[in-house]
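A short reminder: the numbers here are calculations on the coordinates, not readings from a lab. All figures in this text were calculated on a predicted structure; none of them were measured in a lab. As a convention, Cβ positions derive from the backbone with ideal geometry for all residues, glycine included, and neighbour counts pool all protein chains shown.
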């Protein structure tokens, strides 16, 4: 498809959250916010959206933090870039499920521009950060003219390109609980290329084992590009809970995940292939999460 130049717009560069929200209230549906702009500018060139006002959030320092406390968990500002997450020792050490996703996202140039908030707000079924965040029980903080609200990431998406985010709200923070004892997770992504490609399908698993690391006390499994939104595979979770993890059980959970997936055929893959790969990747994610938990045992 022929991509044209950006249409004309008025540019705004607030330096505070309050100022940005003021612009959103003033210009209403005629305004769009951006940070990296890696998705927005492409849509504008294609004339899929033509906002009259663009609000650049990059100057808002209060949304660029990464902080961790054992009791409160991890807090990531909505403007933190994927590249900054990639270089964070906190992410590498304690939140390997998210780190797995970051390592297979886009190119270095895009990772240094694109933000985690933007990746979620694009609301694409293939958004790499969504499945690991869902699996870890993460929430998002949404701030608007009427105040703040917090929603689980698994409840954030409504459809392709659609979320619960109101036109006058900004995703200001991602909140991830501290990983419990004897827990671990992983994320797997199927691509046509080894890097810089959208997911054909993806799966994240997060397991919490008992004190002896034998029985699975709880599990959360999330899928990407397996439906019109990132989804949670609750039937697959039930397969592994209160059982000992092994290859056969993980394969059974993979079959359950494949059955509850609702993939679509596209130019990149057929519905049947995606469904089959959901089963394969779910099994791999469960086994890798389990290996990470039991590695030091």
query: Working out 0.36 nm times the residue gap between residue 241 and residue 210, then minus their Cα-Cα distance, what length gain in nm do you get to one decimal?
result: 10.1 nm
statement: So the pair-distance distribution of the stretch 3-127, from every Cα-Cα distance in 10 Å bins, comes to percents of 12, 39, 33, 14, 2
- prompt: Counting other C-beta atoms within 10 Å, which of 53, 167 has the fewest, and how do the rest follow?
  reply: 167, 53
- request: Over the Cα atoms of the stretch 149-188, compute the convex hull volume and normalise it per residue, giving Å³.
  value: 108 Å³
Paired Rg and Dmax values of the chain, which use every Cα atom, in angstrom: 19.3, 62
- prompt: Say R0 is 45 Å: what FRET efficiency, to the nearest 0.05, do residue 267 and residue 148 get from their beta-carbon distance?
  reply: 0.65
field: Förster radius 25 Å - calculated FRET efficiency between residue 90 and residue 197 (Cβ-Cβ, nearest 0.05)
entry: 0.40
- request: Give me 268, 275, 192, 87 ranked fewest to most by other Cβ atoms within 10 Å of their Cβ, as a rough exposure proxy.
  value: 192, 87, 268, 275
statement: Once normalised by the length of the stretch 10-56, the mean sequence separation of its alpha carbon contacts under 8 Å that are 6 or more apart gives a contact order in percent of 57 percent
field: Relative contact order %, the chain, counting alpha carbon pairs below 8 Å whose residues are six or more apart
entry: 15 percent
